[in-house]
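Before any comments, here is the structure.
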Amino acid sequence: MIDERMHDRDVVPTQEHVQELLGKDIFPVWEDIAHFMGSQYPDCESEWRYYNPQHGWGLRFRIGSQQLCMLFPERGRLSVLIMLTPQQDDAAQDKIEFFNNRIRNLLNQPSALPQGRWLWMHIEDHTDFVGLKHLMAIKTLT
């Protein structure tokens, strides 16, 4: 049986593990995100990183030392961590009408961090992916 997340620090995830965990409905979104990151940001590198015991393994995307986002596969969905600076957070607020209700609700919650916001999003379908694209554009343009 596979866990709800990939918690075993000793087992680096494979494509097969990710596909089994995400399932047939959300795995195509995972593939679309990975393809988007590689095509939109050609200098982007991806690597599996063990984040912590709570979240387990995540696929980190970065350009040089700048982390763009990190994807965490879960049973039937995936989570994304995006760290926004205060300027990026302000830019996202200025474009809030471009996001679906799930992402709007996250952006409307006050951040407890003075240096910006750690935005944890659940990606459950392609409308969330569209919001992620908007956030990545904000992150890379500011």
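Going by what's in this entry, would MET6 be described as surrounded by 15 or more Cβ atoms within 10 Å (Cβ to Cβ), closer than 23 Å to GLU124 by Cβ, touching a residue at least 60 places away in the same chain (Cβ under 8 Å) and not charged (D, E, K, R)? I'd like the intermediate steps shown before the answer.
On the way: surrounded by 15 or more Cβ atoms within 10 Å (Cβ to Cβ): yes; closer than 23 Å to GLU124 by Cβ: yes; touching a residue at least 60 places away in the same chain (Cβ under 8 Å): yes; not charged (D, E, K, R): yes.
Taking the combined requirement at face value, the residue satisfies it.
Matching residues to (1) part of a helix (DSSP H, G or I); (2) touching a residue at least 60 places away in the same chain (Cβ under 8 Å):
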| residue | (1), (2) |
| --- | --- |
| GLU47 | no, no |
| GLY58 | no, no |
| SER79 | no, no |
| GLU97 | yes, no |
| LYS133 | yes, yes |
| MET136 | yes, yes |
For the structure I just gave you, tell me whether HIS35 is without any contact (Cβ under 8 Å) to a residue 12 or more places away in the chain and assigned to a helix (DSSP H, G or I).
yes
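Any residue in the stretch 115-125 that is farther than 26 Å from GLN19 by Cα and assigned to a strand (DSSP E or B)?
yes
I need the full set of residues from the stretch 89-110 which are in contact with a strand residue (DSSP E or B) (Cβ under 8 Å, 6 or more places away or on another chain) and within 17 Å of LYS139 (Cα to Cα), in order please.
If the condition is that a residue be in contact with a strand residue (DSSP E or B) (Cβ under 8 Å, 6 or more places away or on another chain) and within 17 Å of LYS139 (Cα to Cα), then ASP89, ALA92, ILE103, LEU106, LEU107 are the ones that fit.
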Would you mind stating whether ASP89 is surrounded by 13 or more Cβ atoms within 10 Å (Cβ to Cβ), touching a Lys or Arg at 6+ places or on another chain (Cβ under 6 Å) and either at positive phi or not in a strand (DSSP E or B) (or both)?
yes
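Read-outs throughout are calculated quantities, based only on the coordinates presented, and are distinct from any laboratory measurement. Keep in mind that what you see is a predicted model, and the values were worked out from it rather than measured. Virtual Cβ from ideal backbone geometry, glycine too; neighbours counted across all protein chains shown.
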